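The values are calculated or read from the model by the stated rules, or taken from the named source; none is laboratory data. Just so it is clear, the model here is predicted, and its values are computed rather than measured. Heads up, the Cβs are rebuilt from the backbone with ideal geometry, glycines too, and the neighbour counts pull from every protein chain shown. Surface areas here come from the heavy atoms of the whole protein model, side chains and all, with no ligands, DNA or RNA. Shrake-Rupley method; radii C 1.70, N 1.55, O 1.52, S 1.80 Å.
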Amino acid sequence: MEKLRDFAQIVSQAERGELVFPTSVNAALHLQLALADPDCATDDVVRKVLAEPQLAARTVALSNSAVFNRRGPLVTGVRTAVLRVGYRNLYTMAAAMVVRQFGSRIRDPHLRAMAEQLWRHTAHVAALAHVLARHVTGCDADTALFAGIVHEAGGFYLLSRADELPGLLDDPAEWMGAAREIITREMMRKLAIPEPVALAIVALRGATLSPPPAGLRDTLLLAKRLAPVASPLAPATDACDTDYALDDYVRDNARLDLVLRQSAADAESMSTALLV
C-alpha cells in the first residue's frame, strides 16, 4: 500500500506540474536554457561550456566524431569545438547533460546499473536516429539526434525517484501505461522540449510502424528497434504486442542494411562521443 501511495503521489505531482528535480539537474537545465538564447554571444557560450567539464568533454568529442570531422585536424579546444558542432548540436549536448544527471546521483547499485544501461541505449538511439533521418526517413537529422537524447527523460526521472522510494518500479504494470505517459509529458514541458519533438516522443508508447517509415516518430521507433543496447525499462512483449510491421521492415531489408553498413562508422563515433 505504501508503494502504491508513493507512486500515486509522483503521478499527482506530474499532473500538477510539480516534478521534483535534484539541484544538479536544475543547474544543467539553466545552462541549457541559456544556450537557447539566440542573443547569447560566442564568448559567453564558451565560458558556460567550460564551466561544465562533462559538457566541454562531450562537445570536443562530438566535434572529432566522423560526422563533424571527416579529414580535418583533431579538435582540442572548446571554442573550436563549439564553432564546429554549431549551437543546435551544442544545445543537444546540454540536454544530454540534463538527462544524464538524473542517473548520476543514484545510490542503489541495481538502479544505477539500469540508469547506465538506459544511457547507453539513449546514446545508440540518438546516433542511429541521426543516420536514419539523413538516409531513410527524410526528417531533420539534428532534430532526430536531439529527440533521441531526450526520448527516455521520463524513464531517467522514474529511476531517480525509485532510488529515494525503494520498490517503486517492482511492478511494471503500475508504471508502463498511462502513468508513465503523464510523467513523460510533464518532463517534456519541464525541459522546454519543442512541441513537435515532444509529440513524437509521447506517441512512441504502443506505436506501430506503417511502412515506409517517415517523420520523427518513425525515426525514433526504428532507431530503438535497431539499437544494440535495449532499454532496461522496456516491457516484456508477448505475441499480441509485437510490432510485426516493424519486424518485417527490418528483416531482410537490403536498402536499410546498406545504409547501416555505410553509416556504421558515423553512428559508432557519435554514440561514443555521447557516452564520454
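Quick notes on this one:
- The Val276 and Asp39 beta-carbon pair, evaluated with R₀ = 22 Å, returns a calculated FRET efficiency of approximately 0.15.
- Using every pair of separate Cα atoms, the Kirkwood estimate puts the hydrodynamic radius of the chain at 19.3 angstrom.
- Residue of Ser65, Ser12, Ser231 that the Gaussian network model of the chain assigns the largest fluctuation, springs spanning Cα pairs under 10 Å: Ser12
- In the range 4-50, the trypsin sites (Lys or Arg not before Pro) that fall in loop regions by DSSP, at most 15 other Cβ within 10 Å: Arg16
- About its Cα centre, the range 112-184 has a charge dipole of approximately 260 debye under the convention of +1 per Lys or Arg Cβ and -1 per Asp or Glu Cβ, with nothing else charged.
- The residue among Val82, Asn26, Ala96 whose Cα reaches farthest toward the positive pole of the charge dipole of the chain, with charges on the beta-carbon of Lys, Arg, Asp and Glu, is Val82.
- Gap separating the Cα centres of the range 65-128 and the range 133-175, nearest whole Å: 15
- The equivalent ellipsoid of the range 194-268 has semi-axes of 20, 17, 14 Å, largest first, where each one is the square root of 5 times an eigenvalue of the Cα gyration tensor.
- If only the Cβ of Lys and Arg carry +1 and only the Cβ of Asp and Glu carry -1, the dipole of the chain around its Cα centre is close to 880 debye.
- Rounded percent of accessible protein surface that carbon and sulfur make up, the range 1-140, 1.4 Å probe: 52
- Positive-pole candidate from Gly215, Ser231, Val67, dipole of the chain, charges at beta carbon: Val67
- Its Cα centre serving as origin, the range 1-143 has a Cβ charge dipole (Lys and Arg +1, Asp and Glu -1) of approximately 540 debye.
- Listed residues Leu55, Leu191, Leu165, most fluctuating in the chain (Gaussian network, C-alpha, under 10 Å): Leu165
- Per residue accessible area of the range 21-86, 1.4 Å probe, in Å²: 51
- Where labels lie 7 Å past Cα in the beta-carbon direction, separation of Asp243 and Arg88 in nm: 2.4
- Alpha-carbon Debye profile of the range 103-216, log10 I(q)/I(0) at 0.12, 0.17, 0.21 Å⁻¹: -0.46, -0.88, -1.22
- Estimated inter-spin distance, Thr80 and Leu199, nm [label 7 Å along Cα→Cβ]: 4.2
- Sorted from longest to shortest, the spans of the Cα atoms of the range 83-169 along the three principal axes equal 43, 28, 16 Å.
- Heavy atoms of Tyr244: accessible area, 1.4 Å probe, square angstrom to 10: 120
- Gaussian network model of the chain, Cα within-10 Å springs - most flexible of Leu222, Leu260, Leu62: Leu260
- Lys/Arg +1, Asp/Glu -1 at C-beta; the chain dipole; positive extreme among Gln262, Ala179, Tyr157: Gln262
- Looking at the range 108-212, the accessible area is 37 square angstrom per residue; that uses a 1.4 Å probe and ignores ligands, DNA and RNA.
- Ellipsoid semi-axes for the range 1-156, based on the Cα gyration tensor and the rule √(5λ), read 30, 19, 15 Å when sorted largest first.
- Multiplying the residue separation of Arg16 and His135 by 0.36 nm and removing their Cα-Cα distance gives an extension gain of 38.8 nm.
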